[in-house]
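Single-structure report; data block below.
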Amino acid sequence: MVIKHDLPSFKANDARYRVYLASVMLLLCLLFSNALFADTVSASLNKTVSVENEVVQLTLRADFSDTGNGPDLSPLERDFTILGKSQNSQFSFNLGTTTALNFWVVSLMPKSVGTFEIPPIKIGDHASEPIRLVIKNSPQLLDANGNPPVMIKTDVSEIEPYLQQETIISVQLFTSVALQNANRSVPEHPDLVVERLSDDQMNYQTVNGTQYQVITREYLAFPQRSGLLTLPPQSIQAMVNTSTGRRMIKVQSEPLNIQVLPIPASYSGTAWLPSQGVKISTALDKTNDSPRVGDTLIWTIEVQAKGALPEQIPPIDFNSTRAYKLYPKNPEFDTQKSADGVVGRQLIVIEVVPTQEGPLTLPDITINYWDTEQRALQTVIATTPTINIAPLPTASNPTKTPISDPLPAQTRSVAPISLAKKPSPSSATTAQTGTESARRNAPDNDAFPINTEQGDTSFSVRSYLIAGLLVLTTVMLALWVWIWLKKRQPSPEAELNVPTLQEFAALNTVDEFSAFDALISCCRQNDLSSLRPSLLEWARHRWGDNEIRSVDDIKRLTSVQVTQLLMEAELMMYSSNPSNEWQGEPLADALEEYTSGYAKPSQASQLKTLYPNF
């Protein structure tokens, strides 16, 4: 018995098979598509094995647009120094689907040698996978001649300077490669006053077959304490390009020891001044060709000290005498720097007023200083030229003839002598007798003749007193009249009698809500003629009469949109056909948005955006 089995015919069911196969393929495509475009964060390094002081670049990639504030790099700060970060974004559109790619490139400098793990970096709600990094010891950078690419040398002009003596610190930078982001140190010490001397000097030198660019930088240093001072090493940190990539180099010089000498025991000056040389110039300038007593002369003193600051120069102080008065001004300080060092300059200007006639001799200017080159005490003296002072001009005194027979004493009622009548013979005899008796009783005054032709001045003094009282009385009377007239004048407020705003324009509505409803109704009816009183009515309810005087106050207190619409309404108000052109609907909407605090949704905001991922 033969049993026959009927196998299904694929040819008969070909249409249904194709539909089934297409459905399966579509489902698989959707699954792979979701896995392909899932939101992920990936991290990668440009090298997994590096050496110390070499830059490592970490690249972060985010396959989504909502990255927030970017990657959180704080987990890297424990083992790395973040040198910089750059960002790049890419967007692609395919069949209505938007794909966003964001890249960050972070430059890292390992802080030590060893094996490190780049921790997961979080971007938005996603994080990357950790990465392993190995840092090895770096060999010393040497060129083909066995020379380092960067060197620093430090030198001083004086190994054993005196206290507060000028010392020049020279720092030389030798480099045979290009430096990037160089950071040089500055000489510092708590017992040194250091400042820059001059600009950098550049030249070229060949050392052991390698040509270096030499940059020399000089500083001025003044030690403030005697004894041994150790200047810390000078260093530089910069980036250089090597065959394996960018690398940071750190180079430093050898420390410097300076033995500072104290003030010598043989120095007898009152003020300590170490210098290579001191110069004093003095001049006394005349304000006129023939100075007299009381005229003003200008005494100029200039002191220059080589190798010292102007503040180190001791002050010059002189006192006035009976022959002259001195009025010094504040000294002027100036510092002149050069390649040889510093020169301190102090300028003193003194006004001299002579009080006696004859030769005017000013005191000598003496400054003691310690010569740092000769190592000995030196004294500089400057003398000011003498000037002859003339006396004050005086009026010639007339010759007085002595009177042999002076007149007798007269009473106040007698007229002046020049206007008196000649006495009679009898009275003359009586006067002569009285005069002879007075001569016998009085001392001898022949050596000092008496001038009896002096007038009585009591009348003139009394006249001045009376005139002063009259002037004072007149002034007081005028002042009283002016005050009286001022009080009689009515005040401007009483004349104008301006009514208040409530009296001038009373409110027609009960409260702010009713006034606002009337205002909105006016705007929606496009009633431009009623807009201004309705606005003022509502504003006075809302802010009060003290704040609202005009429509300009409403512009000041409302929003920018309301202000712009009010300005447009004012322009329409003064146009030729305002009632047919003005549309009050936008102003009504703006006022409602201002009072409610909520913006009305616009037509554009209610439409679905074309690209929802942006």
Rg/Rg_ref, segment 157-305, where Rg_ref = 2.2 N^0.38 Å and atoms are Cα:
1.64
Just reorder R225, R322, R78, R18 by solvent-accessible area, largest first, 1.4 Å probe, all chains present.
R322, R78, R18, R225
Please find the FRET efficiency linking Q211 to E254, where r is the Cβ-Cβ separation and R0 is fixed at 25 Å, and quote it to the nearest 0.05.
0.60
How do L163, L566, L392 stack up against each other in accessible area, from largest to smallest, with a 1.4 angstrom probe?
L392, L163, L566
Would you please give the FRET efficiency between A22 and D552, computed as 1/(1 + (r/R0)^6) with r the Cβ-Cβ distance and R0 = 51 Å, to the nearest 0.05?
0.10
Looking only at segment 314-349, which residues have a backbone nitrogen under 12 Å from a spot 7 Å from the Cα of T296 in the C-beta direction?
327-329
Got a sec? Which residues in segment 166-184 would a label at V194 touch, if it sits 7 Å along Cα→Cβ and we count backbone N under 14 Å?
167-172, 184
What aspartates and glutamates sit close enough to K122 to cross-link, taking a C-alpha to C-alpha distance under 16 Å and skipping anything fewer than 8 places away on the same chain?
D39, D63, D66, D72, E77
Filter the cross-link list K111/K153; K47/K136; K250/K337; K286/K306 down to pairs whose alpha-carbon distance in this structure exceeds 23 Å.
K111/K153; K250/K337; K286/K306
Full-extension gain in nm, L377 to D364, via 0.36 nm per residue minus C-alpha separation:
2.8 nm
Distance (nanometres) between label positions extended 7 Å along Cα→Cβ at I483 and I263:
6.9 nm
From largest accessible area down, sort F174, F103, F116, F333; use a 1.4 Å probe on the protein chains.
F333, F103, F116, F174
Spelling it out for T81: with amide H atoms placed in the peptide plane at 1.01 Å from N, the residues 5 or more places away or on another chain with amide H under 5 Å from its amide H are M109, K111
Accessible area of V481 in the full protein assembly, 1.4 Å probe (Å², nearest 10):
60 Å²
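Starting from the Cα-Cα distance between S596 and N69, subtract it from 0.36 nm times their residue separation and give me the gain in nm to one decimal.
Here the segment from S596 to N69 would lengthen by 186.3 nm.
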Please give the length that would be gained between D285 and Q140 if that part of the chain were fully extended, namely 0.36 nm times their separation in residues minus their C-alpha to C-alpha distance (nm, one decimal).
45.2 nm
Taking the simple approach of a point 7 Å from Cα along Cα-to-Cβ for both D155 and T48, what is their distance in nm?
5.2 nm
Evaluate E = 1/(1 + (r/R0)^6) for T474 and D517, where r is the Cβ-Cβ distance and R0 equals 56 Å; express this FRET efficiency to the nearest 0.05.
0.20
For segment 179-254, what is the relative contact order in percent, using Cα pairs closer than 8 Å and at least 6 residues apart in sequence?
35 percent
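The values are calculated or read from the model by the stated rules, or taken from the named source; none is laboratory data. The structure displayed is predicted, hence computed values, not measured ones. Positions of Cβ are backbone-derived with ideal geometry, glycine not excepted, and every protein chain shown enters the neighbour counts. Just so you know, the surface numbers come from the protein's heavy atoms only, side chains and all, with ligands and any DNA or RNA stripped out. Shrake-Rupley method; radii C 1.70, N 1.55, O 1.52, S 1.80 Å.
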